[in-house]
Amino acid sequence: MQTHLENQLQELTQELLTMGGHCERMIHASVKALLEHDLGHAQEVLTWENRVNQLHVSVDEHCMNILTQAPVASDLRAIIAALKINNDLERIGDQACNVMQNTVDLLKAPAHPLPGGLSRMCELSMAMVREALDAYVRRSPELAQGVLLMEERVDALKDEIFREELAEMSLDRAGVARGLDVILIARNLEKVGDHATNIAEDVIFMVKAKDIRHHHAPESGI
């Protein structure tokens with residue numbers, strides 16, 4: 001028979017997954033706006049942002065209520081992880097809003113092909129969030145480790161885009177504003193990946209009681 005604490009932890013997990021789903025929709029909408037040059041998705045992003053912000057407060061309150069029951073061991077780790085994941089999800093939502101805002105600015109400039117690596121960055125950042133949430137719900141350190149490996153690819157693409165845009169900006173001063181918008185979007189996407197990485201690290205901490213922050217090399221048993 002399930003205890004009251006177990007039920008509360010399950011409800012907390014569901015809240016975070018709902019919040020994560022909203023964040024995924026925000027990223028998807030902002031990326032569609034970018035890649036399809038369609039600002040019709042802007043209102044969609046704002047709608048989901050409001051829901052994410054509401055859940056951000058709700059999850060914190062839920063965690064504080066559970067902590068009054070003095071949980072220990074794995075239950076305590078689950079609550080600590082939930083508090084941190086809650087914060088990272090809210091920031092992922094913020095970055096989706098930033099992608100949309102920078103896309104609005106970008107589309108004011110004359111049409112120009114986007115760097116090839118940008119669409120790949122979009123795909124990878126969305127995949128990292130999806131896989132990090134999957135790792136959380138499955139309590140899977142193996143899936144979490146896969147997210148950490150994807151981070152390196154996102155970072156490499158960001159560096160590539162920075163180099164390409166800076167080179168173009170040095171040759172065409174008229175394209176400086178556009179180039180800066182592209183660089184900012186790449187930076188936003190990198191930050192989405194950073195927050196997904198944090199979630200993956202928290203999953204490993206929650207399940208394995210190991211803090212691997214700043215140490216991403218695969219460990220035995222992970």
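The values are calculated or read from the model by the stated rules, or taken from the named source; none is laboratory data. Quantities reported herein were computed from a predicted structural model and do not represent experimental measurements. Cβ sites come from the backbone with ideal geometry, for glycine too, and all protein chains shown count toward neighbours. Heads up: the accessible areas ignore ligands, DNA and RNA and are worked out on the full protein's heavy atoms, side chains in. Shrake-Rupley method; radii C 1.70, N 1.55, O 1.52, S 1.80 Å.
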Expressed to two decimals, the range 73-182 has a Cα Rg over Rh, using the Kirkwood radius, of 1.09
The percentage of the accessible area of the range 1-85 (probe 1.4 Å, all protein chains present) made up of carbon and sulfur atoms, to the nearest whole number, is 54 percent
With GLU61 itself left out, Lys, Arg at +1 and Asp, Glu at -1 over residues whose Cβ is under 15 Å from its Cβ give -4
Percent of all Cα-Cα pairs per 10 Å bin for the chain, counting from 0 up to the last occupied bin, reads 8, 32, 31, 19, 8, 2, 0
Cross-link reach from LYS32 to lysines, straight Cα distance under 25 Å and at least 8 residues apart if same chain, gives LYS108, LYS158, LYS191
Restricting to aspartates and glutamates and to Cα separations under 16 Å from LYS208, and discarding same-chain partners fewer than 8 apart, the set is ASP75, GLU142, GLU219
Rounded to the nearest 10 Å², the accessible area of ASP75 using a 1.4 Å probe with every protein chain kept is 50 Å²
With the 1.4 Å probe rolled over protein heavy atoms, the chain has an accessible area per residue in Å² of 48 Å²
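Evaluate the relative contact order of the range 4-208 (contact order divided by residue number), counting alpha-carbon pairs under 8 angstrom at least 6 apart; express in whole percent.
Numbers: 257 pairs, mean separation 56.0, N = 205.
Dividing the mean separation by the residue count of the range 4-208 yields 27 percent.
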Listed residues PRO71, PRO110, PRO141; largest mean-square fluctuation, Gaussian network over the chain with Cα springs below 10 Å, found at PRO110
Between the alpha carbon centres of the range 112-137 and the range 23-90 the gap in Å comes to 17 Å
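Net charge around ARG51, counting only other residues with Cβ within less than 13 Å of its Cβ (Lys, Arg = +1; Asp, Glu = -1)? Display every interim value, and only then the final one.
Values: positive: ARG25; negative: GLU15, GLU24, GLU44, GLU49, GLU90.
Charge balance in the 13 Å sphere: -4.
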